Amino acid sequence: MLAFIVQRLFQAIIVMFVVGLISFSLFQYVGDPVNNMLGPEGSIEERERLRERLGLNDPVPLQFMHYVGNALQGEFGLSYRMGKPVDELIVERLPATIELVFVSAIIALLVGVPMGVYTGLNRNSWLSRIFLTVSLVGISLPTFVIGILMILIFGVWLGWLPTFGRGGVVDLGGWQTSLLTLQGWSHIIMPAITLALFQLTLIMRLVRAEMLEVLRTDYIKFARARGLRNRAVNYGHALKNTLVPVITIMGLQIGSLLAFSIITETVFAWPGMGLLFLQGIAFVDIPVMSSYLVLMALFFVIINLIVDLLYYAVDPRLRAEHVGGAAH
Amino acid sequence: MAADIDHREVVPSLARRATDSVHRFFDGDVFYSFRRSPVAMAAFAVTLLLFFVAAFAPWVAPHNTDDVTTLNLMNARFPPWGFTDPFGTEGVAQFLLGTDDQGRDILSAMMFGLQISLKVGFASVILAAVVGTALGLISGYVGGKLDSVIMRIADIQLTFPAILIALLIDGTVAGLLPRALHQDLKVYVLILAIAASQWVNFARTVRGSTLVEKNKEYVQAARVIGVHPVLIMIRHVLPNVTGPVLVIATLSLALAILTEATLSFLGVGVPVTQPSLGTLIRIGQQYIFSGEWWMTIFPSLALVVLVLAVNLLGDWLRDALNPKLR
Amino acid sequence: MRLSRFIPVLAAAVAAVLATGADADAKTFRYATTGDILGLDPHSNNEGPTNTMKGNIYGRLVHRKPDLSLVPDLATDWSRVNPTTWRFNLRAGVKFHNGNTFNADDVVYSFKRQTQESSEMAFALASVEEVRKVGDLAVEIVTKGPDPILLLNMPNFYMVDKEFMEANGAFEVVRGAGKTNFANLNPNGTGPFKIVEWVQDNRVVLAPYDGYWGKADLETNVTEAIFTPIPNNATRVAALLSGEIDLMYPVPLQDVPRLDADPNVKVLQGPELRTIFLGFDHWRDELLDLPGTGKNPFKDVRVRKAFAHAIDTKAIQRVVMRGASTPTGLMVAPGINGFQKDMNTPYAFDPEMSKKLLTEAGYGDGFPLTFDCPNDRYVNDEAICTAVVPMLERVGIKVTLNAQTKSLHFNKIGKTEGNNTSFYMLGWTPGSYDAYNPLQNLMTIDGKGQGAWNSGRYNNARVEELTDMIAVTVDEKKRNDLIREAFKIHYDEVGHIPLHQQALAWGISSKTVDKVWQRPFNDVDLRYVVMK
């Protein structure tokens, strides 16, 4: 167990190191902080002084150490646009994205798993067929098209739901949430569904495939032979076994949700990190871009770590393997 | 067939091999399953039709929207033929699916947009497939340190969703190149960015197959008699991974088209003067409230149909090439 | 946690929220436009939406009311001591948002700060020689010559707190990417509203300033104002229709009928004083798009004329602007002091003549050109530019359109990047409502405070001379003749290509907004917003 965790932690650190290096080189070489801070009219002496002050004349490994040190303290430099510290910008935007991703993940799970179970158990019912067809269309529909269609139907034609922003937010000790008011929910529901749709279809198809696989196994056949009721077999045994891959995929998909929130945020003018990043790209605002990258990597690494650990906890085979000393 | 085999032993040319696999395809299970699957046949027909339309856009499109000098502002915002817009303008047969805000015929613009979308999609998938397959072969065949380096890079990259990688590469290039140059090279930057986000899938799959093939007796025999490793890889390993590579390539094509459309929608795609499907959707989107829906809906439909068809084809191909799933 | 235990917590939170939301006196005014403000430093940017926001926060000596009349603001009264000296008596007991008292030192300091080279607002005080303190609550403004329009420029002279700025080392008007400008993020004025927070690209929240000197006479009853930039036209319309915002501008032209038909929404339309025009690079010896040739076609008046005749302003008006614009041949709109009615003829649309002129000039095969354009500043700006591209292509010019968000566009064509443009779009409303303003800002380059947005560095010795004379000519008839002559020269040698004046269109929720004044400046002054 310990060896497993250490190994995963080690991997995580390597990933972060590499991402840090990429983001550092972006920051240092693509952005050229001196040029950006002084502009073209700065004199040579001014440049030299600034280089010295920023430590740009130090050896590169030392500069990288500085960068990592600052990043660990949450300092990512100043945005090129208004000279605001990037970490402040991120803190302003983070809650919006986290809440959006969270609600989407819940929707995807709560709808996707039951649909998957249903289609797995009732392979040939007409409802299953509809679900499956719809899911294929769902995978082929780009997120922004779904968003636009939803705006057109629910925002314009029916006029039921607001189409931009977060609405009223409530401040909970610095965390601005839109999940505590009805108005906030009316804002989040469309972007969240838009974002969830792809993951939802993915989960549904995955659960279905796993259910089919598990139901075919001897162990289920034996359970049935033992005279256990269908319900107990289906939910007590089969479903439980399908959850392992679902957890893994869901964990990995949270990463995708974070990335795809960029698109959803653009369509619905949702004031989150994705919009910040996109504007960072438009302005070639390297500090914003590089710190977004580091932050995303951190999220992904943490999620992967948790998934690995959960996986380990849920799947007895994996444990047995490691106890037995088998490595892969 | 016997003569054929003899011939092949004498001249092991790749071309011969290719015709041979075509024969095998039509005789074999795959084609049989294709003829049995109406969905696959429909998807194939639709894909083929769209490819044709895109490839011959300059000849089949009713208007040459690629040449901006032909645009007439006075033709702007016609609704589709048979429709009337909220301002009372009636559609004309000349513009079957209506026109956009610049007087561009939507149907023609979609055909040219399709061309750009497919160009970027194909180029990036081919690039990703070549690079990914080569790295996968090397990684699997050579093994050792090189293998773990390549696979660790793949692991790290796999943690990042494609769209993010593409955005990041685009942003970085924008920072490195002067703006005008960046605009000129935009299409290539896009291809590179999308390919960079997709090579991993190829590399991983090919590496897996290579590992299996590597230990087969005939490969080991070839090694013992001193055949050059590159030759072994091309002659023995590569043909065995074409199936999976084809499946991944098809599914990647759908993803690449989607990624390009998404980037164009986000405004970091191809220049506005050469609109791809994503750009057309982005421009048309402004007009959905005023009831001028055709500018968005038709390009969206085209995109969805294209991606759906390619996805269906890929899905079917995966099942057809994998007898276990049948 | 079990759900049953979670519900009471949630219920309590919801109740708390509802309780605060039910405050009967709260009047939150939410409004939106296309882009965010560029910064809160009053002396840094000269841009419409930014100036409007500055006006809510900062005081001026003189205030311009929606009917364009001038009334006392921080000065209680003023008089002309002699032809070049004005005396302003200052209001007593005025406090800045940070509690400091406003006095003559602040006026002198603000003058020095606003007239720095890096300030885009320097134009407003270009005629001023010095600002003298003549008492704690009185200043004298000495002009270089007799200035007929000094008062007209006073609403563009923003007062900052000397002690506050000095304590934070914020004298310099810092501009440019990656530079921190303290005043941009830390506004401190004497205006009726103060900034609660500014989340870039997301919202600016303002609250009434309790210590505002004119609180008793203030028309507005707004207790909180939230400004939101929504670049997407469709989203902005949807937000108004769904009651998410109380006011938005501009209404996308295609959506005017739809909004008009909605019983809960009112569309307020009127003429705007903004002229949209295209500009050339007049000064580089080599065009940016023709490296290595040593040629700048725009130095040849025939090429400029060819461009002017290639553009079909009527088609743009009819199709792109859906009729909601007035094609123009002048750089100023009707209603601006100095407008010449008889000279307001757009260049005739004549592509054949364009081709002929280009051939004569030696560019019969055209040349490549990058066209810089904003995409979130003016009504249909990107669409206008996209429409201009084929018109120019048809006479042989190979145009690459570079449409981008306004702050990048303004940086590129402006001084920040050294007028890094060959051909661009810009719009201009004279801040003083007088023709001298565009002459000074757009059509001359020489003196201090001149040519702030003359991005192509148009330069004509006679126009320079005339402009200097206009600045100090008090006689109205004589002044008008000088303006005529300058405009005539500019028109004849196609200094710029004026396209049109756009129309104002605001969408207002009639359910929540009782009264709002629409100035021809296309800005929302919170002083005059009254909620139901």
Candidate set from region A:185-226 (those that are modelled with pLDDT under 85 and among the small types (Gly, Ala, Ser)); member that is surrounded by the fewest Cβ atoms within 10 Å (Cβ to Cβ):
A:225
Within region B:183-205, which residues are open to solvent by 20 Å² or more (accessible area, probe 1.4 Å) and assigned to a helix (DSSP H, G or I)?
B:183, B:184, B:187, B:188, B:191, B:192, B:196, B:199, B:201, B:204, B:205
Anything in region B:131-146 that is at pLDDT below 85 and open to solvent by less than 50 Å² (accessible area, probe 1.4 Å)? List them, or say none.
B:141, B:143
Only residues that are open to solvent by 30 Å² or more (accessible area, probe 1.4 Å) and within 11 Å of chain C (Cβ to nearest Cβ): list them for region B:81-102, please.
B:86, B:87, B:88
Taking region B:195-211 as the region of interest, how many residues are within 14 Å of chain A (Cβ to nearest Cβ) and either of a type in the set (Ser, Thr, Tyr) or under 22 Å from residue B:279 (Cβ atoms) (or both)?
2
Checked C:223, C:228 against criteria (surrounded by fewer than 17 Cβ atoms within 10 Å (Cβ to Cβ) and touching a residue at least 12 places away in the same chain (Cβ under 8 Å)); the one match is C:223
Every listed condition ((1) within 14 Å of chain B (Cβ to nearest Cβ); (2) open to solvent by less than 20 Å² (accessible area, probe 1.4 Å)) holds for residue C:242 save (2)
Meets criteria (more than 22 Å from the chain's Cα centre (by Cα), part of a loop (DSSP other than H, G, I, E, B), farther than 21 Å from residue B:285 by Cβ and assigned by TED's automatic domain parsing to the domain that holds residue A:95) for residue A:129
no
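Go through region C:142-170 and give me each residue that's assigned to a strand (DSSP E or B) and either out of contact with any Pro (no Cβ under 9 Å at 6 or more places or on another chain) or open to solvent by 60 Å² or more (accessible area, probe 1.4 Å) (or both).
If we filter region C:142-170 for residues that are assigned to a strand (DSSP E or B), which is where we start, we get C:142-143, C:158.
C:142, the sole residue that qualifies.
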Suppose we keep only residues that are open to solvent by 30 Å² or more (accessible area, probe 1.4 Å) and of a type in the set (A, V, I, L, M, F, W, C) within region B:54-80. Which one would you say is nearest to residue C:392 (Cα to Cα)?
B:74
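Of all residues being open to solvent by 20 Å² or more (accessible area, probe 1.4 Å) and of a type in the set (A, V, I, L, M, F, W, C) in region B:152-163, which is nearest to the other protein chains (Cβ to nearest Cβ)? Just the residue, please.
That would be B:156.
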Quick test of your reading of the structure: residue B:54 fulfils all but one of (1) within 14 Å of another protein chain (Cβ to nearest Cβ); (2) modelled with pLDDT of 80 or more. Name the failing condition by number.
(1)
Look through region C:377-390, keep the residues that are open to solvent by less than 20 Å² (accessible area, probe 1.4 Å), more than 8 Å from chain B (Cβ to nearest Cβ) and not hydroxyl-bearing (Ser, Thr, Tyr), and return whichever of them is farthest from the chain's Cα centre (by Cα).
C:388
Keeping to region C:1-29, report how many residues are facing another protein chain (nearest Cβ under 10 Å) and at pLDDT 85 or above.
1
In contact with a Pro (Cβ under 8 Å, 6 or more places away or on another chain), in a helix (DSSP H, G or I) and not aliphatic (A, V, I, L, M), is that true of residue B:262?
yes
Residue pairs, Cβ under 6 Å, 6 or more apart or interchain, first in region C:92-103 and without any contact (Cβ under 8 Å) to a residue 60 or more places away in the chain, second outside any loop (DSSP other than H, G, I, E, B) and surrounded by 17 or more Cβ atoms within 10 Å (Cβ to Cβ). List them.
none
Which one of these is open to solvent by less than 50 Å² (accessible area, probe 1.4 Å) and either away from chain A (no Cβ under 14 Å) or basic (Lys, Arg) (or both): C:139, C:173?
C:139
Quick check on my filter: what residues within region B:214-272 are away from every other protein chain (no Cβ under 12 Å) and of a type in the set (D, E, K, R)?
B:214, B:216, B:217, B:223, B:235
Can you confirm whether residue B:230 is open to solvent by less than 20 Å² (accessible area, probe 1.4 Å), farther than 30 Å from residue A:273 by Cβ and among the β-branched types (Val, Ile, Thr)?
no
For region B:273-296 the number of residues that are more than 9 Å from chain C (Cβ to nearest Cβ), of a type in the set (Phe, Trp, Tyr) and surrounded by fewer than 23 Cβ atoms within 10 Å (Cβ to Cβ) is 1
Just give me the residues in region C:391-426 being within 8 Å of another protein chain (Cβ to nearest Cβ), at pLDDT below 85 and open to solvent by less than 20 Å² (accessible area, probe 1.4 Å), in sequence order.
C:404
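Return the residues of region A:268-287 that are part of a helix (DSSP H, G or I) and either within 7 Å of chain B (Cβ to nearest Cβ) or modelled with pLDDT of 85 or more (or both); say none if nothing qualifies.
Going through region A:268-287, the residues part of a helix (DSSP H, G or I) turn out to be A:268, A:273-282, A:286-287.
Across region A:268-287, the qualifying residues are A:268, A:273, A:274, A:275, A:276, A:277, A:278, A:281, A:286.
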Filter result (of a type in the set (S, T, N, Q) and over 25 Å from the mean Cα position of the chain (by Cα)) within region C:201-229:
C:221, C:223
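Being of a type in the set (A, V, I, L, M) and open to solvent by less than 10 Å² (accessible area, probe 1.4 Å) is the filter here, so list the residues in region A:262-280 that pass it.
First pass over region A:262-280, keeping only residues of a type in the set (A, V, I, L, M): A:262-263, A:267, A:269, A:273, A:275-276, A:278.
A:262, A:263, A:267, A:273 - these are the residues of region A:262-280 that are of a type in the set (A, V, I, L, M) and open to solvent by less than 10 Å² (accessible area, probe 1.4 Å).
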Taking residue A:258 as the residue in question, decide whether it is part of a helix (DSSP H, G or I) and either modelled with pLDDT under 80 or surrounded by fewer than 23 Cβ atoms within 10 Å (Cβ to Cβ) (or both).
no
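Quick check on region C:300-316. Is at least one of its residues surrounded by fewer than 17 Cβ atoms within 10 Å (Cβ to Cβ), under 30 Å from the mean Cα position of the chain (by Cα) and away from chain B (no Cβ under 12 Å)?
For region C:300-316, residues surrounded by fewer than 17 Cβ atoms within 10 Å (Cβ to Cβ), under 30 Å from the mean Cα position of the chain (by Cα) and away from chain B (no Cβ under 12 Å): present.
Select from region A:77-99 the residues that are open to solvent by less than 30 Å² (accessible area, probe 1.4 Å) and assigned to a loop (DSSP other than H, G, I, E, B) and list them in ascending order. Break it down stepwise before answering.
Our first condition is that a residue be open to solvent by less than 30 Å² (accessible area, probe 1.4 Å); within region A:77-99, this holds for A:79-80, A:82-84, A:86, A:89-90, A:93, A:95-97, A:99.
If the condition is that a residue be open to solvent by less than 30 Å² (accessible area, probe 1.4 Å) and assigned to a loop (DSSP other than H, G, I, E, B), then A:79, A:80, A:82, A:83, A:84 are the ones that fit.
The values are calculated or read from the model by the stated rules, or taken from the named source; none is laboratory data. In this text, all values refer to a predicted model and were calculated from it rather than measured experimentally. Positions of Cβ are generated from backbone atoms using ideal geometry, with glycine treated the same way; all protein chains shown enter the neighbour counts. Ligands, DNA and RNA are stripped out before the accessible areas are found, and what is left, the full protein with its side chains, is counted by its heavy atoms. Shrake-Rupley method; radii C 1.70, N 1.55, O 1.52, S 1.80 Å.
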